[in-house]
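Notes to accompany the following structure.
Any read-out appearing in this document is the output of simple, stated calculations on the displayed coordinates, not a laboratory observation. Everything quoted here is computed from the prediction, not taken from an experiment. As a convention, Cβ positions derive from the backbone with ideal geometry for all residues, glycine included, and neighbour counts pool all protein chains shown.
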Amino acid sequence: MPSNDKAVTLSLAFLIFALLPEIYGLHVVYLTDYCNTSIAVTTAGLIEPDASLYYPSNLDCTVTLSVHSSSKILLQFYRFFLEEKVNGACVDSLTVYDGAEESSPAVTESLCGRVDAFEVESTGSNVTFVLQTDSEGSNSGFGIFYTEFVNSPCSVDQFECNNSRCIDSSLVCDTYNMCGDDSDESNCDTGGPIEDTGLPLIAIVGVVVVAVCLLVFLYAAVKAAINKHKSKKLMDQLLKEMQTSVTANQFTDEDFWGSEKND
Ligand SMILES: [Ca+2]
Ligand SMILES: [Ca+2]
């Protein structure tokens, strides 16, 4: 593939990935944007390690997530893939603490490798993430939904989940299971393509992204093939013209030498 086509392909792939949070329609917190700081969030969103496809090496990143002081935080780990253990120990890891500091009680063990989906909730209004990576090797990282909630009774601007969590009413029927038991999505009548297909939005986004990437690669491959064909055709034409020219020059030389001998 020519270098300019490769650059176009990489740029498009990066653009698509950069736009994913917008497609999600959720506030996305990339931990590496907030290393060693505390950030205030509300309602709900998504936590990922970094904006790039693979998380960076040499990280020692601590981020505290805070919601309103009367609220708690539900964390739903739906995707998790850090580098696998080496000699029985994590080389890259994420640990979550139930409070504003690393000295708070851990709500998860030190996580690495592949981890199945699970959820935890805080006892207060803060959770602290500690993401550490070694000097080499990476993976696709993780996706964690966070939801600010209080226990029932709920206020008028809140939705009461079947599990008695009260979440912001704006989270009802937005296609994301922010209650944790899916009750905020169980009585929706959107009639849209998501319900029709029965696929989660992330799966649909994934299919669209893969399709676009395939089209881009196909375009680049076809363009390269056309360029190759054009080059061959041009070369054949040049060779033909050179042969014609050589033949013509032979007559001219004979004529030339002939006329010289006559002199
Ligand atoms: Ca690593
Ligand atoms: Ca929802």
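The figures follow:
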quantity	calculated
FRET efficiency estimate (nearest 0.05) - Cβ-Cβ, V208 to E136, R0 22 angstrom	0.10
Antiparallel bridge percentage (DSSP; both residues within region 25-198; nearest 5)	85 percent
Residue order, fewest to most beta carbons within 10 Å, for K228, K223, K72	K228, K223, K72
Likely footprinting exposure, S164, S70, fewest C-beta neighbours within 10 Å first	S70, S164
Debye, to nearest 20: dipole size of region 25-198, +1 on Lys, Arg Cβ, -1 on Asp, Glu Cβ	280 debye
Cβ-based net charge around C90, under 14 Å, with every Lys or Arg adding one and every Asp or Glu removing one	-4
Calculated from backbone phi, Karplus (6.51, -1.76, 1.60) coupling profile of region 219-231 in Hz, x at Gly/Pro	4, 5, 5, 5, 5, 5, 5, 4, 4, 5, 5, 4, 4
Amide H contacts of T108 (H built 1.01 Å from N, under 5 Å, at least 5 apart or other chain)	V96
Karplus-derived 3J(HN,Hα), 6.51/-1.76/1.60, for each residue of region 26-40, Hz, glycine and proline x	10, 6, 10, 9, 8, 4, 5, 6, 10, 3, 6, 9, 10, 10, 9
